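Undergrad: Here you go, one structure.
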Amino acid sequence: MRSETLDQTLSKTLSKGQNLTTGRIFRASSTNDALNRCAKECIKPDNCDGLVRYTVPEYGEMVFANRCPIFEKYKQIIQRKAKVEKILGPLAVHTFQNYDKSRNVKAYEISRKYVERRAWEVGGWLILYGGYGTGKTHLLSAIIQEAIMMGVYASFSNLAKISTMGFEESKSELSKLVEYDLLGLDDFGIESSQNWLTPHIFKLFDDLNEGKKGLVMTTNMSLKGLQELLGERISDRITERAIAIELTGESMRKSLRKGNVSWADGGDENGIYR
């Protein structure tokens, strides 16, 4: 069976459930015949043991069993979803599907294109910069999530959190990040006050560049401020590989806040009563 057929069958399977037993035995002319019949009469994978059992006339009542490719695909999706949850935690709720495209259309389109064209495979970098609450982390999370679901060896890290670790622990954490084919770095620049950490972050950039690894990074700094912080050598290397796009607009957190404190009925736009 072709992978497209399996994907289509899987999507239908997850939304239906036929009253069949997992131990059903098909009478089939061949293995492919049994797999095709099982796909057409598929029960939900979570009600199945993943085996297609069948008999072939020329072998009498001997029962053969093959792993079901639909079940294997389903199991793979479940495993990847679990990986997304482990790596992104609460940020896993941020997807392309629930991003407000009306706010920063170009950033959304470029982020989607980064995934669709698998830009990390050619060492492509993407920098999302702009003010607080403009949706940078949302897009970064969506990119990393999509990549993981595609089977990419990807990870997400917050540099501000790494900067709160001890010296040796921070160095160790940064050195591990170069192993991934695609790395998401959130909040670059916040840790710049930790001067002892900066050289190790620059080394990470060097290693990612030399290994032609993918990088998606968010920062609240302006592009000029970012270039000044990185210095000419690192900036030049990033320029070779990176697309930078600015996200603008009012902080999304203000609108979220209004919903969270609507119970109070009143106060100014900052929720302050006078």
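Undergrad: Is it true that some residue in segment 224-236 is of a type in the set (Val, Ile, Thr) and either more than 28 Å from ARG103 (Cβ to Cβ) or modelled with pLDDT of 75 or more (or both)? Give the derivation first.
TA: Pass one, segment 224-236, residues of a type in the set (Val, Ile, Thr): 234.
Retained after the next criterion (residues that are either more than 28 Å from ARG103 (Cβ to Cβ) or modelled with pLDDT of 75 or more (or both)): 234.
There is at least one residue in segment 224-236 that is of a type in the set (Val, Ile, Thr) and either more than 28 Å from ARG103 (Cβ to Cβ) or modelled with pLDDT of 75 or more (or both).
Undergrad: Check whether at least one residue in segment 90-101 is open to solvent by 60 Å² or more (accessible area, probe 1.4 Å) and over 24 Å from GLY151 (Cβ atoms), and report yes or no.
TA: Yes, segment 90-101 contains a residue that is open to solvent by 60 Å² or more (accessible area, probe 1.4 Å) and over 24 Å from GLY151 (Cβ atoms).
Undergrad: For segment 177-198, how many residues meet the condition of being at pLDDT 85 or above and over 22 Å from GLY130 (Cβ atoms)? Steps first, please.
TA: Initially, segment 177-198 is screened for residues at pLDDT 85 or above, giving 177-188.
Subsequent filtering for residues that are over 22 Å from GLY130 (Cβ atoms) retains 177-181.
Qualifying residue count, segment 177-198: 5.
Undergrad: Given the structure, is ILE70 at pLDDT 90 or above, among the hydrophobic types (A, V, I, L, M, F, W, C) and out of contact with any His (no Cβ under 6 Å at 6 or more places or on another chain)? Write out each step before concluding.
TA: Values: at pLDDT 90 or above: no; among the hydrophobic types (A, V, I, L, M, F, W, C): yes; out of contact with any His (no Cβ under 6 Å at 6 or more places or on another chain): yes.
No: the conditions fail for ILE70.
Undergrad: Kindly list, by first and then second residue, each pair from a residue in segment 220-237 that is assigned to a helix (DSSP H, G or I) to a residue that is among the aliphatic types (A, V, I, L, M) and surrounded by 15 or more Cβ atoms within 10 Å (Cβ to Cβ), limited to pairs with Cβ atoms under 7 Å and residues at least 6 apart or on different chains.
TA: Going by the 7 Å Cβ cut-off, the qualifying pairs are LEU223/ALA244; LEU229/MET221; LEU230/ILE238.
Undergrad: Which members of segment 39-48 meet the condition of being farther than 16 Å from LYS75 by Cα and under 32 Å from the mean Cα position of the chain (by Cα)?
TA: If the condition is that a residue be farther than 16 Å from LYS75 by Cα and under 32 Å from the mean Cα position of the chain (by Cα), then LYS40 is the only one that fits.
Undergrad: If I filter segment 15-35 for residues that are at pLDDT below 85, acidic (Asp, Glu) and at negative phi, do I get at least one hit?
TA: Within segment 15-35, the first condition is being at pLDDT below 85, and the residues that meet it are 15-24.
From what's left, acidic (Asp, Glu): none.
Looking through segment 15-35, none of the residues is at pLDDT below 85, acidic (Asp, Glu) and at negative phi.
Undergrad: Continuing with this model, one more query. Which condition number does ALA242 fail, the rest of (1) within 16 Å of TYR129 (Cα to Cα); (2) of a type outside the set (S, T, N, Q); (3) in contact with a helix residue (DSSP H, G or I) (Cβ under 7 Å, 6 or more places away or on another chain) being met?
TA: Of (1) within 16 Å of TYR129 (Cα to Cα); (2) of a type outside the set (S, T, N, Q); (3) in contact with a helix residue (DSSP H, G or I) (Cβ under 7 Å, 6 or more places away or on another chain), only one is false for ALA242: (3).
Undergrad: Condition first: surrounded by 19 or more Cβ atoms within 10 Å (Cβ to Cβ) and of a type in the set (Asp, Glu). Now tell me which residues in segment 111-166 satisfy that.
TA: GLU146
Undergrad: Report whether or not LEU208 is out of contact with any Ser or Thr (no Cβ under 9 Å at 6 or more places or on another chain), in a helix (DSSP H, G or I) and either under 11 Å from TYR129 (Cβ atoms) or modelled with pLDDT of 80 or more (or both).
TA: Yes: the conditions hold for LEU208.
The values are calculated or read from the model by the stated rules, or taken from the named source; none is laboratory data. Keep in mind that this is a model prediction, so the values were computed, not measured. With ideal geometry, Cβ positions are generated from the backbone for all residues, glycine too; neighbour counts draw on all protein chains shown. Areas reflect the complete protein model, heavy atoms only, side chains present, ligands, DNA and RNA absent. Shrake-Rupley method; radii C 1.70, N 1.55, O 1.52, S 1.80 Å.
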